[in-house]
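Worksheet: one structure, shown below.
Read-outs: derived from the displayed coordinates by stated rules, not from any lab. Just so it is clear, the model here is predicted, and its values are computed rather than measured. Quick reminder, even Gly has a Cβ in these numbers, built from the backbone with ideal geometry, and neighbours come from all protein chains shown.
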Amino acid sequence: MTRPIWPNGARCAVALTFDVDAESPFLFQPGGETRPKTLSMGTYGPKRGVPRILAILNRHRIRATFFVPGWTIDNWPETTRDIARAGHEIGVHGYLHEEFSTLSPEQQRDCHERSLAAAERVIGHRPVGVRPPGEYTPETLRIIWEMGFLYDSNMRGDDRPYRVRIDGKPTDLIEISPHWELDDGPYFSFGFGSGYAPVRIQSPETAYEAWSREFEGYYREGLCYLLMTHPELTGTPGRALMLERLIEYIEQHEGIWFATCEEIARWWLKSGQE
Ligand code: ZN
């Protein structure tokens, strides 16, 4: 199995990613706008979770990647600007957090285009990365590639970056995969009729145990450890403490390259890895 090569002899890449969904997934559900309490679960993310997470990243001098739906960019412009001004990367994440498997190719293109335009208005440039919400259709990756994105980040088939193959040929579109076990949703999401799966809330310790044990394996094999969390879930006071403890644990290891997804994708292309 090919072991990735990282810059300056680093042993392992670590990408912290945050999906700032805000109210958008609930608004995408039919009748969502008539459920104020459910919507407020989304509000918590940009209002309380993001500032807490930005403070942690600032303390540790880590730059991360925030995937933000176009709707969130348009409705939380100050929060989006705060993220970008702190030096973090913004990627797009659907417009209204659409379930991509329900969209035609034209609708998929339109979601990306509207989100890129929103980002351009609010932060002054077009993001290069995308994490389409939900399941993909057979056309999803081809559309992303044709639109000229640098990377995609929602396929699950590897724990190393790789070049996406279209028509059997490797392209210059890079995939940087998240995984469910490194996603905070299965540990912390909860809600009756909110569109979230009604899973049981786990202790922050359970997530810490799983995420730190998983990190040990990634570190040993020199892979790309990608944490995918949501400010409305991991940005609560106690879970944020756990996130900081996880960062401190990772920092105790030698040869860690904390990077944005954009930096990882550019490195992958530049270093000529498949
Ligand atoms: Zn999302």
TODO: Under 18 Å Cα to Cα from Lys47, which aspartates and glutamates show up? Leave out anything in the same chain fewer than 8 places away.
DONE: Asp19, Asp21, Glu23, Asp74, Glu78, Asp82, Glu232
Open item on the list: As an exercise, use a Förster radius of 22 Å and the Cβ-Cβ distance of Arg109 and Arg35 to find the FRET efficiency, rounded to the nearest 0.05.
Closed with: 0.15
- [ ] Work out how much length Glu221 to Met147 would gain on full extension: take 0.36 nm times their residue separation and subtract the Cα-Cα distance, in nm to one decimal.
- [x] 23.3 nm
Open item on the list: Ratio of alpha-carbon Rg to the 2.2 N^0.38 Å globular estimate for the stretch 10-61, to two decimals, please.
Closed with: 1.53
Open item on the list: Using a Debye calculation, one point per C-alpha and no hydration shell, please list log10 I(q)/I(0) for the chain at q = 0.14, 0.15 Å⁻¹ in order.
Closed with: -0.98, -1.14
- [ ] Any lysines with Cα under 22 Å of the Lys270 Cα? List them, leaving off those in the same chain fewer than 8 positions away.
- [x] Lys169
TODO: Quick one: grab Rg to one decimal and Dmax as a whole number for the stretch 145-231, Cα atoms only, in Å.
DONE: 15.8, 44
Open item on the list: Tell me which trypsin sites (Lys or Arg not before Pro) from the stretch 175-260 have a DSSP coil assignment and no more than 14 other beta carbons within 10 Å of their own.
Closed with: Arg200
Task: Packing-based exposure ordering (other Cβ within 10 Å, fewest first) of His125, His93 - done: His125, His93
TODO: Run the dipole for the chain about the Cα centre, Lys and Arg Cβ at +1, Asp and Glu Cβ at -1, nothing else charged, and hand back the magnitude in debye, nearest 20.
DONE: 560 debye
- [ ] List the chymotrypsin sites (Phe, Trp or Tyr not before Pro) within the stretch 28-125 that fall in a DSSP loop (any state other than H, G, I, E or B) and whose Cβ has at most 10 other Cβ atoms within 10 Å.
- [x] none
- [ ] At 15 Å minimum axial length over the Cα atoms and a Kyte-Doolittle cut of -1.0, report the qualifying DSSP H helices in the chain, or say none.
- [x] 237-251
Open item on the list: Counting C-alpha atoms alone, how compact is the stretch 41-89: give Rg to one decimal and Dmax as a whole number, in angstrom.
Closed with: 10.4, 29
Task: At q = 0.14 Å⁻¹, base-10 log of I(q)/I(0) for the stretch 1-88 (Debye sum, equal scatterers on each alpha carbon) - done: -0.59
Open item on the list: Report for the chain the percent antiparallel among DSSP-assigned beta bridges with both residues inside it, nearest 5.
Closed with: 15 percent
Task: In nm, spacing of pseudo-spin labels at Arg81 and His253 (7 Å Cα→C-beta vector) - done: 3.8 nm
Open item on the list: Which three numbers, in whole Å and largest first, are the semi-axes of the equivalent ellipsoid of the stretch 59-176 derived from its Cα gyration tensor as √(5λ)?
Closed with: 24, 18, 12
TODO: Let me have the 222 nm mean residue ellipticity of the chain computed from DSSP H runs of 4+ only, each contributing -39500 (n - 2.57), with the sum over all residues rounded to the nearest 500.
DONE: -12500 deg cm²/dmol
